[in-house]
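Reviewing the structure listed below.
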Amino acid sequence: MQKISTAHKTVAIVLLTGFFLFSGALLYAAQDTFTTTLSVTGTTDTTPPSVPSSLSATAVSTSQINLSWTASTDDVAVLAYKIYRDTVHIATSTGTTYGDTGLSEGTTYAYTVSAVDTSYNESLQSATASATTETSIVTPPSSPGGNGPPSLFTQLAIVNLKVVPALYSTTITWDTTKPAISRLAWGLSSEYEMGTLSGTSLKYNHKTNIENLSPGTTYFFELEARDATGLKTGVTRMEWKTLSLPDTAPPANVSNFTARPQDGAIFLDWNNPADPDFDFVRIVRSNRFYPRDPQDGEVVYEERGERAEDSDVVAGQTYYYTAFARDTDGNYSSGAVVSARITAEGGVSLPPELPFDGFPPSPDSYPEFEKLTILDFDFIQDGKKLVFSNETAVLDGTKNLIISLDYRKVPEVLKTIGITLQDPADPEKVFAFLLRVNSDKSAYEAVIAPLQRSGTYHFGIAILDFKNQSVKKLSGSLVARVPFDPYTGNTVADRRKYLLNSFSIALLALIVLALLIAIRKLFARGRDRRPRRLPQEAIPQKIRN
């Protein structure tokens, strides 16, 4: 396998970046392209996978604890996971779950997990997760008054009721003040239609696991118990809700991401996504290539604003920036990219006009890359795939757009997948986004914020194959439609301008109308005040003479 290093064969890559989403500052084509140099040699893979995350440990019996964790990622492929119990390696799993059996009851165990790739590079161990196995010891509960064990004359009752929900199951425990047999029924309503569980022996401590539930769902149960004489408790009724699935959907990327060299610094501007759970933006910089994840490079900004200044720059050096939007659940967007360079004179350096010329198609590229067409990429809105005809599809310009490629359609090699779109009004204005592997490693995805502008967007997709020094290029068009289009372009600013102009015109019309009415009334009053001429026959004869 070949990896990026610092010697030998050099490959020039030119990537067109940009995507015009909102009206903003004019960008030059020079700022929307980049040139970078990568060195590729035949050295072995020495990069370990990422550290497994979200490790959880759950005791399911007196002798078993179940583990689960979030999958790691690797530049080639993850081979397996090593499980450590109390710092000792005990097993290896190819999946993201493991059941540790043969444990002692009532004992606490601590676990960590590491990932291993196909070159046997091992990641750091995950954060520790602990759990205590259940105990089979039967302990009579205290009497309701809290004065020790109940007497023979204690009334039968259900006490210490506890409900512990999980995603797909719930554990319910309770005690009875006398040895008793319990009955529990549950369901989605007070009809308790889903099932009933009854005990078979008299005991103080009771426990049941309800399986096959749905995440984030409210359920109801009723519980009663009877002792050896047949005496029953009252019916205890309760509702509970299972845990919700974690939010693993990334937010939309930032839009209108630009880099502007000026006065010995590079100024970055963008628009944050409108996702309700948006948290902040992390911008990562590299002087070799666009950072592919939020941990790949130097962090130059991490706040909720929409502007940053990178003054730690050197003239003549090209800098590559990737902006990752993060939500409150810790999910990052796929990344919006841009690059810039300051010349020795402090101006903007002009890169080659034609993108990807330095990284031409190669007959030695992987067959999977060569077979790809536009139809292999899914363009999704509201959970539905857009339909392409002659490499053109129509979309709603007011909604997010998800671009996705099935993970199985391309080999697990070092590569970069990017998409660029051109502004319909100015083809020199473009923005670019990376496609990254999603949380369940089923697809490479990017979420594009609403375009907010009607028109035809020509797009290009590039799959950069670093091993074979080649690129697979695809192209097509997206026709964006925005329902309200009184002004050319129909951006949010255009709508505000239209509404403001409409209001101004209406207000002016009302003022003119009011003036006309006032003038008419003034003329009417003037006529009323003029002296009237009496008819001749109404004038006395003496006066007429």
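The values are calculated or read from the model by the stated rules, or taken from the named source; none is laboratory data. Owing to the predicted nature of the structure, the values given are computational and were not obtained by experimental measurement. Heads up, the Cβs are rebuilt from the backbone with ideal geometry, glycines too, and the neighbour counts pull from every protein chain shown. Side chains included, ligands, DNA and RNA excluded: accessible areas come from the protein's heavy atoms. Shrake-Rupley method; radii C 1.70, N 1.55, O 1.52, S 1.80 Å.
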What are the radius of gyration and Dmax of segment 209-347, computed over its Cα atoms and given in Å? 26.3, 98
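Express the relative contact order of segment 171-318 as a whole percentage, based on alpha carbon pairs under 8 Å and six or more residues apart in sequence.
Result for segment 171-318 is 16 percent.
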Please report, as a whole percent, how much of the solvent-accessible surface of segment 90-134 comes from carbon and sulfur atoms (probe radius 1.4 Å). 47
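With a 1.4 Å probe and all protein chains in place, put 440, 275 in order of accessible area, largest first.
On the way: 440 105, 275 35 Å².
Accessible-area ranking of 440, 275, largest first: 440, 275.
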Label point at residue 406 placed 7 Å out along Cα→Cβ; residues across segment 367-400 whose backbone nitrogen lies under 20 Å: 367-381, 383-389, 391
